[in-house]
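The values are calculated or read from the model by the stated rules, or taken from the named source; none is laboratory data. Since we're looking at a predicted model, the values are computed, not measured. Here the Cβ positions follow ideal geometry from the backbone for every residue, glycine too, while neighbour counts run over all protein chains shown.
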Amino acid sequence: MENDQLLIEIIQNGLPLVSRPYAAIGKQIGLTEAEVIAKINNLIEIDVIKRFGIVVYHRKLGYRANAMVVWDIPDSEVTAIGHKLGQFNFVTLCYRRSRHLPDWPYNLYCMIHGMDRKVVLQKLAELIEQCNLSQVQHQILFSKRCFKQRGAIYYSTSNN
């Protein structure tokens, strides 16, 4: 159990940027690479860890034009169109939300990242053309500032 808490504390701060991150973590806490991987898999299976993925710091990588595109899709088509949008490699998030009528008619959201606004707008034009969305009301909301971006916190020594 103590190893589990230590493992969680380490991985919630990000994996080491080395070719074998689980081996590096194992070395820190006295486990083999295979034991670290098995423990992470077990923590996922027993729902201690709900999601295990990466957080990409787009701005640090030079992606300064980040835009959420919101769409007013007919409810009968939103699932199919959401799946289509999600197939594009430059769409990093795509999800459905409830409308808030009359002020907010949008029910499908997708995120597009680019080095500059021109690139993002070109990618949006590609989506519109390839998914036949030219008649669909949408807005593009460019990010102005990032306030917080990080993975989940499951355990902290400050909780003791």
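The table that follows gives values for the structure above.
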read-out	value
Which listed residue is in the same structural domain as V120 (by TED's automatic domain parsing), of a type in the set (D, E, K, R) and at negative phi, from K84, K39	K84
Search result, residues across region 90-111 that are within 26 Å of Y63 (Cβ to Cβ) and among the hydrophobic types (A, V, I, L, M, F, W, C)	F90, V91, L93, C94, L108, C110, M111
Selection status of L124, of a type in the set (A, V, I, L, M, F, W, C), outside any loop (DSSP other than H, G, I, E, B) and modelled with pLDDT under 95	no
Region 28-50, residues that are surrounded by fewer than 12 Cβ atoms within 10 Å (Cβ to Cβ) and in contact with a helix residue (DSSP H, G or I) (Cβ under 9 Å, 6 or more places away or on another chain)	G30, A34, K50
Test for T92: is it of a type in the set (S, T, N, Q), surrounded by 12 or more Cβ atoms within 10 Å (Cβ to Cβ) and over 30 Å from K123 (Cβ atoms)	no
Count of residues meeting criterion [among the aliphatic types (A, V, I, L, M) and loosely packed, with under 15 Cβ neighbours inside 10 Å] in region 63-84	1
Test result for D72, acidic (D, E), in the same structural domain as V136 (by TED's automatic domain parsing), out of contact with any His (no Cβ under 9 Å at 6 or more places or on another chain) and touching a residue at least 12 places away in the same chain (Cβ under 8 Å)	no
Residue that is nearest to V69 (Cα to Cα) [pool: residues in region 95-108 that are out of contact with any helix residue (DSSP H, G or I) (no Cβ under 9 Å at 6 or more places or on another chain) and surrounded by 11 or more Cβ atoms within 10 Å (Cβ to Cβ)]	Y106
Filter pass, Y22 being outside any loop (DSSP other than H, G, I, E, B), of a type in the set (F, W, Y), in contact with a strand residue (DSSP E or B) (Cβ under 8 Å, 6 or more places away or on another chain) and on the phi < 0 side of the Ramachandran plot	no
